[in-house]
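Here the structure comes first, spelled out in structure tokens, and everything after it is commentary.
The values are calculated or read from the model by the stated rules, or taken from the named source; none is laboratory data. What you see is a predicted model, and the numbers here were worked out from it, not measured in a lab. Here the Cβ positions follow ideal geometry from the backbone for every residue, glycine too, while neighbour counts run over all protein chains shown. SASA here: full protein model, heavy atoms, side chains in, ligands and nucleic acids out. Shrake-Rupley method; radii C 1.70, N 1.55, O 1.52, S 1.80 Å.
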Amino acid sequence: MLVEDRDRAPSETERQTRGNAPARLLQAASSVMIERGSTELTLKDVAARSGLNGALVKYHFGSKTGLLTALLKRDALAAVRQLNTLLRQNATPTEKLKLHIAGIVNAYYRSPYLNRLIHDLLYQSSAEVAQQVSDFFVTPVVEFHRKLLAEGQRCGEFRAVDPMLFYFTLFGAIDHMFHARHTLLYGFQVPQVTDQMRRDLIRIVTDMALGAVLAERRG
């Protein structure tokens, strides 16, 4: 037949393809951005990588911005679950802070698009999208910092620290290396963040953060 048989029930393969389409589109967008080291991509890029029709992006996500917001939400929810698990661990606040810093750096290194995507959606999209990003990413991290800093202060490990200043200082120290690609390349002649740089960044940011929050030991 040369025309669509509208009475024919979709096959199991077709049903599975339709059901898996959102996840496939998200993974395609992620892999393209990792490969390019950029958040610049088109619906054609996503369609080619996923093997699906680009019109499905609009069907499932409404727009390219909707797709990218959903991708960030997918990654953010996984990170938020890890924060909640970390907070419940039987470890000192200092050890939790060390693990948190390593987790941020490793997430940015593993998914180089992550920090640029956050910037794009927070500062270059609509107020509605920026609010969504704040709700599922920024707010949970800020709340985690409040709880961790309070826990550290209660047990005498940390001094009193403003959670807002702590958030901006910590993420500023980590984010800029991954976001400022041109500074890295033209200022330091380094084309990309290497694994050794990742390890060194974890160490230096951890030292800086502990210097800022650890209570002074007496005696």
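Within 15 Å, Cβ to Cβ, of Gly62, how many net charges do the neighbouring residues add up to if Lys/Arg are +1 and Asp/Glu are -1?
Values: positive: Lys58, Lys64, Lys73; negative: Glu128.
Result for the neighbourhood of Gly62: +2.
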message: Please compute the volume of the convex hull spanned by the alpha-carbon atoms of the chain and report it per residue in Å³.
response: 166 Å³
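How large, in Å, is the stretch 89-175 by the Kirkwood hydrodynamic radius built from its alpha-carbon pairs?
On the way: mean 1/r = 0.0707 Å⁻¹.
By the Kirkwood definition, the hydrodynamic radius is 14.1 Å.
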Convex hull of Cα atoms in the stretch 125-192, direction-averaged projection (nm²): 6.5 nm²
query: Could you state the number of Å between the C-alpha centres of the stretch 60-76 and the stretch 121-199?
result: 21 Å
message: Between Tyr123 and Leu99, how high is the FRET efficiency from 1/(1 + (r/R0)^6) when r is the Cβ-Cβ distance and R₀ = 25 Å? Nearest 0.05.
response: 0.30
message: Can you give the longest run of the chain that contains no trypsin sites (Lys or Arg not before Pro) sitting in a DSSP loop with at most 12 other Cβ atoms inside 10 Å?
response: 9-216
task: Any chance you could count the Lys pairs in the chain whose alpha carbons are under 27 Å apart, treating pairs 8 or more apart or on different chains as valid?
output: 10
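Could you tell me what percent of the accessible area of the stretch 59-182 is made up of carbon and sulfur, with a 1.4 Å probe and every protein chain present?
56 percent
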- prompt: In debye to the nearest 20, how big a dipole does the chain give about its Cα centre with +1 on each Lys and Arg Cβ and -1 on each Asp and Glu Cβ?
  reply: 340 debye
task: Using amide H atoms built 1.01 Å from N in the peptide plane, name the residues 5+ places from Leu214, or on other chains, whose amide H lies under 5 Å from its own.
output: Arg159
- request: Starting from the residue with the highest accessible area, list Leu185, Leu121 in decreasing order, probe 1.4 Å.
  value: Leu185, Leu121
